[in-house]
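Written below as structure tokens is the structure these notes are about.
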């Protein structure tokens, strides 16, 4: 098969899947955005990559706009770039992940016009995030813009030959609120590459270069938006201020990270440090430098947002503290793994207590770290994951109607 996997954010699991499928003899074009500022996978060709794998970053050639409407225009333009490159490749199957809705719309329209089966790999409900972005801008904008994107997301989902949600919790929402049939869906939980993220030494080249050797580190790394509640990390550092041995380290970029840096300076929090996103080749050492890894899902996000960093944390073999709604998949995964503590969403004092306990109790921390990695090794085997996608693509390629998808 000729397969396009378009992952706007350039994340590691999607890249690993492309490599696995190419290794099975499929011709795979892996596309991502070279403009977006997020942690990216190792997107260069590696020794041993099959010749049937092509990796390309597409770019608008200009900085991304901070204006809401400016950014939407850029995303529509980028969507046309992705659609053009996809059509020139001539795929049998296209699967798109992490695309803004205006990108997804242009790409899906091109696929529908060329009668190419389109798979929507669904990480979250993007129209709900747009609702949060435009909140407070007036009733007319909320109704007109919010209504447009809710309708667009529903249409994109309904017109997809298959949908790959990352959580079972999404199925009832898709069915009841978006009129999408469960038989169109194949749930695949997020994972991270076991071979790229292995438990490493806390004392490593990266930690020494950044003055972290000998410190107890509670680390958060990843994006910081409304779904995460960035101020929770500030409040956490405030509550741990008297622990001179413990540093709350935030590795992130963008408005959320900038807000944390400003608050840290204003409050004189010497135990809170913000660093920009690090190159992917250092990601394993970044995670290894931590004693405790931090994750957050705001209470308002509920089950609708599942941070992919949780799977990376499990691979890294470190104890995890996650502040999240108890029914959120990231929280239930940490509970299942027995690799960390789950505390109430947006609750800084509970988070601080859990971090302090794990920083102090070496035995408990080591036990949870071992259990985290063991869980990842059981659940994140790429050959089994690739089997499921391959069966799905084959069924769609051969024109099988939308009966229940292979699980």
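The values are calculated or read from the model by the stated rules, or taken from the named source; none is laboratory data. Because the structure is predicted, anything quoted here is derived from the model rather than measured. Don't worry about glycine lacking a Cβ; one is built from the backbone with ideal geometry, like all the others, and counts go over all protein chains shown.
Within region 237-273, the residues that satisfy the criterion of being part of a strand (DSSP E or B) and under 20 Å from the mean Cα position of the chain (by Cα) are 249, 250, 251.
Evaluating residue 353 against the criteria (1) buried (at least 21 other Cβ atoms within 10 Å of the Cβ); (2) part of a helix (DSSP H, G or I); (3) at pLDDT 95 or above leaves one unmet condition, (1). Looking at residue 308, is it modelled with pLDDT under 95 and either over 12 Å from residue 220 (Cβ atoms) or surrounded by fewer than 24 Cβ atoms within 10 Å (Cβ to Cβ) (or both)? Taking the combined requirement at face value, the residue satisfies it.
For region 189-228, a residue qualifies if it is assigned to a loop (DSSP other than H, G, I, E, B), closer than 19 Å to residue 322 by Cα and in contact with a strand residue (DSSP E or B) (Cβ under 6 Å, 6 or more places away or on another chain), and the qualifying residues are 227, 228.
In this structure, residue 31 does satisfy being without any contact (Cβ under 8 Å) to a residue 60 or more places away in the chain, crowded, with 22+ Cβ neighbours inside 10 Å and either under 29 Å from residue 150 (Cβ atoms) or assigned by TED's automatic domain parsing to the domain that holds residue 275 (or both).
Consider residue 273 carefully, then state whether it is over 24 Å from residue 305 (Cβ atoms), modelled with pLDDT of 95 or more and either surrounded by 15 or more Cβ atoms within 10 Å (Cβ to Cβ) or not assigned by TED's automatic domain parsing to the domain that holds residue 41 (or both). Yes.
One line per residue, one yes/no per condition, for (1) at pLDDT below 90; (2) crowded, with 21+ Cβ neighbours inside 10 Å; (3) closer than 23 Å to residue 264 by Cβ:
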{"residue": "185", "(1), (2), (3)": "no, yes, no"}
{"residue": "189", "(1), (2), (3)": "no, no, no"}
{"residue": "220", "(1), (2), (3)": "no, yes, yes"}
{"residue": "228", "(1), (2), (3)": "yes, yes, yes"}
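Scanning region 326-350 for residues being farther than 16 Å from residue 372 by Cα and either in contact with a helix residue (DSSP H, G or I) (Cβ under 6 Å, 6 or more places away or on another chain) or in a helix (DSSP H, G or I) (or both) gives a total of 7. Apart from one condition, residue 320 fits all of (1) assigned to a helix (DSSP H, G or I); (2) closer than 19 Å to residue 216 by Cβ; the exception is (1). Residues in region 295-311 that are more than 13 Å from residue 167 (Cβ to Cβ) and touching a helix residue (DSSP H, G or I) at 6+ places or on another chain (Cβ under 7 Å): 295, 296.
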